[in-house]
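The values are calculated or read from the model by the stated rules, or taken from the named source; none is laboratory data. Owing to the predicted nature of the structure, the values given are computational and were not obtained by experimental measurement. No Cβ is skipped: glycine too gets one built from the backbone with ideal geometry, and neighbour counts run over all protein chains shown. Surface areas here come from the heavy atoms of the whole protein model, side chains and all, with no ligands, DNA or RNA. Shrake-Rupley method; radii C 1.70, N 1.55, O 1.52, S 1.80 Å.
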Amino acid sequence: MKYLIEIDDAGSGSLVGQTCIGVLRKETGKYLCGFIDLKYYQPESFKQKAYLREVINITKNIFEKLKVPKKEPIIICQGYIFDLLREWLTIQGYNWRSGKIEGLLQQKVESSFASHAISLGLPENYIKYTRFPFHFHRLLKWVYADYKNRSNYCKKGWPSWQRYGYLHLDISYGILRNYHYYCLKCGKKILPKSEVKIIKYVSNRPTTLYLHKDC
């Protein structure tokens, strides 16, 4: 049998957004993916590791669509998110092994997650041209720029969210004298000497956000 299945994920380490599970049949280039809903990352569900069980459901659904036979070789990313899936594959008698995923599948699953993140409102240029776009404290700034709405996109079961997700905000107004700021709420440039809304909080260090006055 010449077929080969690869399985990888993207977004499991991102505070914001669901987690993408991608499957690729290398010989044909057929790629399918599914997303772990954020409800599985809420405190009680997260504590019970419900998101790991959802990986199995997503993979089973994709396997049915691809008609994956038990003897087809399968390579799974070594990440912890596949811990229960590896057990399930063994019980079901699939021919699998853990390995490093690179190339086409890695590109596709990361692209799928990036598109998902953009659909939530994360700026496209922020994701595509920032070296670490999904760094926790970088995303936290984006969340606090519109906390009421964006906190709903977070993995609230994370210990780091429990620590930094409910910070006191010091809100004031002033004049922006720097020429290089973009509003973290609407994403548009803030003109020099404009009146701005200033949000300050302390997470791992003091942080200041600048928004348009009326954003």
Do we find that K128 is over 17 Å from I199 (Cβ atoms), open to solvent by 100 Å² or more (accessible area, probe 1.4 Å) and not polar (S, T, N, Q) in this structure?
yes
Among the residues of the stretch 182-215, which ones are in contact with a Leu (Cβ under 6 Å, 6 or more places away or on another chain) and of a type in the set (A, V, I, L, M)?
L184, I190, V196, I199, L209
Give all pairs with beta carbons closer than 8 Å in which a residue from the stretch 169-189 that is at negative phi and open to solvent by less than 50 Å² (accessible area, probe 1.4 Å) meets a residue that is small (G, A, S) and modelled with pLDDT of 95 or more; count only pairs at least 6 apart in sequence or on separate chains.
C183/A145; L184/A145
Identify the single condition in (1) open to solvent by 40 Å² or more (accessible area, probe 1.4 Å); (2) out of contact with any helix residue (DSSP H, G or I) (no Cβ under 9 Å at 6 or more places or on another chain); (3) without any contact (Cβ under 8 Å) to a residue 60 or more places away in the chain; (4) not in a loop (DSSP other than H, G, I, E, B) that D83 does not satisfy, given that it satisfies every other one.
(2)
Need pairs with beta-carbon distance below 6 Å; first residue among the hydroxyl-bearing types (S, T, Y) and within the stretch 106-132, second modelled with pLDDT of 80 or more; sequence gap 6+ or separate chains.
S112/C20; S112/C33
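To keep it simple, each residue is scored yes or no on (1) basic (K, R); (2) within 22 Å of P123 (Cβ to Cβ).
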| site | (1), (2) |
| --- | --- |
| R163 | yes, no |
| H168 | no, no |
| Y181 | no, yes |
| L191 | no, yes |
| S194 | no, yes |
| I199 | no, yes |
| P206 | no, no |
What are the residues in the stretch 135-168 that are under 24 Å from E195 (Cβ atoms) and either without any contact (Cβ under 8 Å) to a residue 60 or more places away in the chain or out of contact with any helix residue (DSSP H, G or I) (no Cβ under 7 Å at 6 or more places or on another chain) (or both), if any?
K141, Y144, A145, D146, Y147, K148, N149, H168
Only one of these is open to solvent by less than 50 Å² (accessible area, probe 1.4 Å), out of contact with any Gly (no Cβ under 7 Å at 6 or more places or on another chain), in a loop (DSSP other than H, G, I, E, B) and not basic (K, R): E102, E72, E54. Name it.
E72
Odd one out for W88 among (1) surrounded by 14 or more Cβ atoms within 10 Å (Cβ to Cβ); (2) out of contact with any helix residue (DSSP H, G or I) (no Cβ under 6 Å at 6 or more places or on another chain); (3) among the aromatic types (F, W, Y)
(2)
Selection count where residues are open to solvent by less than 40 Å² (accessible area, probe 1.4 Å), part of a helix (DSSP H, G or I) and not small (G, A, S), scope the stretch 1-51:
3
Expected single match for within 30 Å of E44 (Cα to Cα), of a type in the set (A, V, I, L, M) and open to solvent by 20 Å² or more (accessible area, probe 1.4 Å) among V143, V202 is V202
